[in-house]
Amino acid sequence: MAIATPTDEVLETSILGRARNLRGSPRIIRVGSVLFVLAMWEVIGRANPLFTSYPTEVASGVLELMTDGRLAPALLTTLQGLGAGYFIAIAIGIPLGFAMARIRTLDIALNPYVAALYATPRIAIIPLLVLWVGVGFQLRLTIVVLSAVFPVIINVRDGAKEVDRNYMDVAKSLAAGRWQTLRTVVLPGSLPYVFVALRIGAQRAMIGVIVAEMTSAIAGTGRLLLDLARVYQTDKVMVIIFIIGFFSIFVTSTLRMLQTKASPWRAESRGG
């Protein structure tokens, strides 16, 4: 009968430990999940290619869209309206959110309008906006601003109100002025809410511009998506959907990275 040596026990423990680490690694789980979904999609998609397509066909659709000259202009058109509208929404939403948090009269006066417009579906006002601004760049810009500005206002306002009262009392005891308190206490304390507002605003802006292009615009990614769907080019439709999804992930990841850079003390406290 073989007797396990200490070396064998150490080796077995090491192997089991590595297996547990691999099994519990988020990266391994994520990659495995993606591979499983792609494999299932390939099998199911080949049985119903008209309605679901499949990964290998979608890959060839990428090349076709890139070579036929439709994808790049559509993406550029969408990004122009998205970028300009998102910048305007941030420029309006962040200062107004802080102002509503610090000035009670302003908060009482504007809150009903902010809440009502935030809850109003953007698609419901597109026909009216078409009459006001047309179906070109102005429509994309307006929809993006209306989609992004209200979640930014609400989250920034709530974040500025949630700053620790003890810090506010310390600033008051040191005779800090309103602007100094805002700059040194309120703004750093509400940074997590500001970045949440930026992420939600970016997601709403993306939804808004695609909906606007699909319903009323004459160009852009949303319009291209609708045109492809009408002629049952499912593989190319999936390409557009993936591009939108990957771009949203990129924007969200970039904002998370900026949040870590802007508030390193939160990352250190979580790591500790």
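No value in this document is a laboratory result; all are computed from the given coordinates. From a predicted model like this one, the values you see are computed outputs, not experimental measurements. Neighbour counts are summed over all protein chains in view; Cβ atoms, including those assigned to glycine, are modelled from backbone coordinates with ideal geometry.
In whole Å, largest first, what are the principal axis extents of the Cα atoms in region 69-171?
Taking the Cα atoms of region 69-171, the three principal extents are 60, 27, 16 Å.
Please give the net charge around residue 90, taking every other residue with its beta carbon less than 15 angstrom from that of residue 90, where Lys and Arg add +1 and Asp and Glu add -1.
Its environment carries a net charge of +3.
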